[in-house]
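Note sheet for the following structure.
Bear in mind that the values in this text are calculations on the coordinates, not laboratory data. On a predicted model such as this, the values are computed, not experimentally measured, just so you know. Cβ placement follows ideal geometry from the backbone for every residue including glycine, while neighbour counts extend to all protein chains displayed.
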Amino acid sequence: MGTSLESRAEQAEEIVDRLEDTYPDSTISLRYSSRLELLIAVILSAQCTDERVNEETKDLFKTYDGPEEYANASQEELAEALNSITYYNNKAKYIRSACETIVEEHDGEVPDTMDELTELSGVGRKTANVVLQHGHDVVEGIVVDTHVQRLSRRLGLTEAERPERIEAELMEIVPEVHWQQFTHLCIDHGRAVCTARSPDCSDCVLADICPSERGDSEIDLASGNSW
Ligand code: SF4
């Protein structure tokens, strides 16, 4: 079992340092060429892999151009275009409705505030944070997806369970300059090493400071259960 550094803030900084060395090119893996495409890709990525979303949006982004076209598409047509994505029916509804709002209330532009974004259908704080960070260069918070949630708990940065609470706690200990990158680093490490089912602790750069490390620790702090 690794030993956490004295304070959570020190632990967070050390984690960022080590992961930055390990994943120097860490960044968003969704593909898009405009703010609207980014928004749509992030809506589609809920409970779906980025790889699958990128595969599906190759054609989608060629077929539809601008919010009017999505807003005017029929539900059947748009759902059919998304049918390899999880919950494609609901996501098609969200996209049509969000684009309608963008056309009617925002002059066809993806809004640039948390409040306006979260008023769009299918857009919660996580999606809004991604769009603000990568679409508008505005960093208001930390994107907490399933990897950030799992790693933050395993590494002793938080004991909170809900993403909103985890985000608030992380914002207190991760230096603001790293808020955006923290997410990408956790995602890369979560995919490559600290996977949900069988983390490879023997090959982890964080093992000596990780209180969940499987060598000696009996508990996975992400779930609170035994390994
Ligand atoms: S792989 Fe193991 S040691 Fe590394 S962060 Fe995950 S649980 Fe901790």
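Values for this structure:
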| item | result |
| --- | --- |
| Gain upon complete extension [GLU109, GLU76; 0.36 nm per residue less C-alpha separation] | 9.4 nm |
| Neighbourhood charge, 13 Å Cβ-Cβ cut-off, centred on GLY190 and excluding it, Lys, Arg +1 and Asp, Glu -1 | +1 |
| The stretch 35-136, relative contact order in percent, only Cα pairs under 8 angstrom and at least six apart counted | 32 percent |
| Qualifying trypsin sites (Lys or Arg not before Pro) in the stretch 179-222, DSSP loop, other Cβ atoms within 10 Å at most 11 | ARG197 |
| Stokes-Einstein diffusion coefficient of the stretch 35-136, Kirkwood radius over Cα pairs, 25 °C, 0.890 mPa s, in µm²/s | 185 µm²/s |
| Inter-label distance, nm, simple model (7 Å from Cα along the C-beta direction), GLU55/GLU68 | 3.4 nm |
| Degrees separating the helix 125-136 axis from the principal Cα axis of the chain, which is the longest one | 70 degrees |
| Span from the the stretch 25-103 Cα centroid across to the the stretch 174-201 one, whole angstrom | 25 Å |
| Unit Cα scatterers, Debye sum, the chain: log10 I(q)/I(0) for q = 0.09 Å⁻¹ | -0.40 |
| Residues listed by number, the stretch 120-159, amide nitrogen under 18 Å from ASP216 label point at 7 Å toward C-beta | 155-156 |
| Average Cα contact separation per residue, the chain, under 8 Å, 6 or more apart, as relative contact order % | 26 percent |
